[in-house]
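Chemist: Encoded as structure tokens, here's the structure I'll be asking about.
Just so it is clear, none of the values below were taken in a lab; they were calculated from the coordinates. Just so you know, these numbers come straight off a predicted model, no measurement behind them. Here the Cβ positions follow ideal geometry from the backbone for every residue, glycine too, while neighbour counts run over all protein chains shown.
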Amino acid sequence: MTHEADPTLLFEVFKEIGIIEQLARAQLEAQLPEGLIGPHFAVLNHLVNRGDGAVPIDMARAFQVPKTSMTHTLKGLAAQGLVELRANPDDGRSKTVWLMPAGRALRTETIERLAPAFQGLAGQMDLTALVELLPVLVHLREIMDAARDGRQDG
């Protein structure tokens, strides 16, 4: 079945994704140590997926937040020994971000603490339908990433 570009349909899809994100963030933040919130975890996750040496301005663009917000988040993570900010060898004025073993461990432990909630969900869901939905969500994200970056290759 095909649908025309119905803004109401698209709005409903994004509304549901937004509500799911809010519920997931609340579950995540309940598992984080005192003083850490979802954006802190998102940065740790980003560094695990991307690798060390990220430049804060590029991270701010990826997260679509002001550079000052990213700097604040990174300083909080650095103060807790979860990341390290190092001088950028390519540009003496900027920094690079390195994930510390404690940051990697915190990410892993948090995911492990989420396991019971995930298992509870899995018991109530058609996992085959979720697996089939994942490529659609990945493609949607790729299209939106490309649009954000001014590309049309999503």
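Chemist: Among the residues of region 74-93 satisfying the criterion of being closer than 17 Å to Gly51 by Cβ and assigned to a strand (DSSP E or B), which is nearest to the chain's Cα centre (by Cα)?
Modeler: The first filter runs over region 74-93 and keeps only residues closer than 17 Å to Gly51 by Cβ, leaving 74, 77, 82-86, 88-90.
Right, trim to assigned to a strand (DSSP E or B) and you get 83-86, 88.
Values: Val83: 16, Glu84: 19, Leu85: 20, Arg86: 22, Asn88: 24 Å.
In this case the residue turns out to be Val83.
Chemist: Look through Ala30, Ala62, Ala24 and report the one residue that is assigned to a helix (DSSP H, G or I) and over 26 Å from Ala115 (Cβ atoms). Lay out the reasoning, then the answer.
Modeler: On the way: Ala30 fails: over 26 Å from Ala115 (Cβ atoms); Ala24 fails: over 26 Å from Ala115 (Cβ atoms).
Residue meeting the stated conditions: Ala62.
Chemist: Determine whether region 109-118 contains at least one residue that is assigned to a loop (DSSP other than H, G, I, E, B), within 28 Å of Gly53 (Cβ to Cβ) and touching a Leu at 6+ places or on another chain (Cβ under 7 Å).
Modeler: To start, the set of residues in region 109-118 that are assigned to a loop (DSSP other than H, G, I, E, B) comprises none.
The answer is no; no qualifying residue exists.
Chemist: Still on this structure, I have one more. If you go through region 34-57, how many residues are surrounded by fewer than 18 Cβ atoms within 10 Å (Cβ to Cβ) and under 15 Å from Arg86 (Cα atoms)?
Modeler: Residues flagged as surrounded by fewer than 18 Cβ atoms within 10 Å (Cβ to Cβ) and under 15 Å from Arg86 (Cα atoms) within region 34-57 amount to 5.
Chemist: So Gly35 fits all but one of (1) part of a helix (DSSP H, G or I); (2) on the phi > 0 side of the Ramachandran plot; what number is the exception?
Modeler: The number of the failed condition is (1).
Chemist: A further question on this structure: Which condition does Thr96 not pass, out of (1) buried (at least 16 other Cβ atoms within 10 Å of the Cβ); (2) part of a helix (DSSP H, G or I); (3) more than 18 Å from the chain's Cα centre (by Cα), if it passes all the others?
Modeler: In the conditions (1) buried (at least 16 other Cβ atoms within 10 Å of the Cβ); (2) part of a helix (DSSP H, G or I); (3) more than 18 Å from the chain's Cα centre (by Cα), Thr96 misses (2) alone.
Chemist: Go through (1) in contact with a Phe, Trp or Tyr (Cβ under 9 Å, 6 or more places away or on another chain); (2) at positive phi and name the single condition Gly81 misses.
Modeler: (1)
Chemist: Specify the residue that is surrounded by the most Cβ atoms within 10 Å (Cβ to Cβ); the eligible residues are those in region 1-33 that are within 19 Å of the chain's Cα centre (by Cα) and polar (S, T, N, Q).
Modeler: Residue satisfying both the conditions and the ranking: Gln31.
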